[in-house]
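Since every read-out is calculated from the coordinates, none of them should be taken as a lab result. Owing to the predicted nature of the structure, the values given are computational and were not obtained by experimental measurement. No Cβ is skipped: glycine too gets one built from the backbone with ideal geometry, and neighbour counts run over all protein chains shown.
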Amino acid sequence: MTSAWLGELVRLRGVEPEDWEAFHRFDENTDDMRRMDRIHPPRSAAAQREWAQKTAVKEQDDRLLLAVESLADGAVAGMVTTSETDHRAGRFLYGVAIGTAHKGRGYATEAVRLLLGFMFGERRFHKCEASVWGFNDASIALHRKLGFTEEGRLRDHEFFAGRHHDVVLFGMTAAEFAARHPFPREI
């Protein structure tokens, strides 16, 4: 059996209620939180359990929040998300976050490839967009390696850690993705 959600290193899957502890650990690491989004106030274990429970049973349509599971040890290594889906224009925004303990293993690269394969090859979207903090050199390198094109920079756009930061905008079309990662010819 093959699965569009399974790579050589990771599997993308829905969030399960028992995943709350892994996401709680991610939220405790302010460096991870800042690279992913921004620092949020601490969430109690009860609130994290409730979030995981609600996320586990929520219908997702094209706004996805998927756990990135390491095939090496079965641990939740991070997550991928889609948002701001625009069916008229055929574009969506995505995000990826891998916890510090799992960085540098190729998990983000493979998770993004699996996600884009689904969104472009199954959901018929035309373009994927991503926003990256200007100081996040690892994420900028990841997007370039994946074949995203830098489309612009919003100067002093976001505020945290006591100052304003640039946001780098990236985009990739379905054709650009397929040129690097051809879709299967036969089923």
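The figures follow:
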read-out	value
Difference of contour (0.36 nm per residue) and Cα-Cα distance, residue 175 to residue 160	1.8 nm
Dipole in debye (nearest 20) - the chain, about Cα centre, beta carbon charges: Lys, Arg +1; Asp, Glu -1	360 debye
Ordering of 36-42, 7-13 by packing [mean C-beta count within 10 Å, highest first]	7-13, 36-42
Additional length obtainable on full extension of the chain from residue 21 to residue 183, 0.36 nm per residue less Cα span	54.8 nm
Tensor-based shape of the range 47-149 (alpha-carbon gyration tensor, a/c under 1.5 rounded, otherwise prolate or oblate)	oblate
Per DSSP, loop GluC sites (Glu not before Pro) in the range 80-146 with at most 10 further Cβ within 10 Å	122
Value at 222 nm in deg cm²/dmol, rounded to 500, when DSSP H runs of n ≥ 4 in the chain each add -39,500 (n - 2.57)	-9500 deg cm²/dmol
Computed E for residue 144/residue 31 - FRET, C-beta separation, R0 22 angstrom, nearest 0.05	0.50
Highest-fluctuation residue, 57, 80, 132 considered, GNM on the chain with Cα pairs under 10 Å	57
Charge context of residue 144, other residues only, Cβ under 11 angstrom, K/R +1, D/E -1	-1
Label-point separation, residue 4 to residue 71 (7 Å along Cα→Cβ), nm	1.8 nm
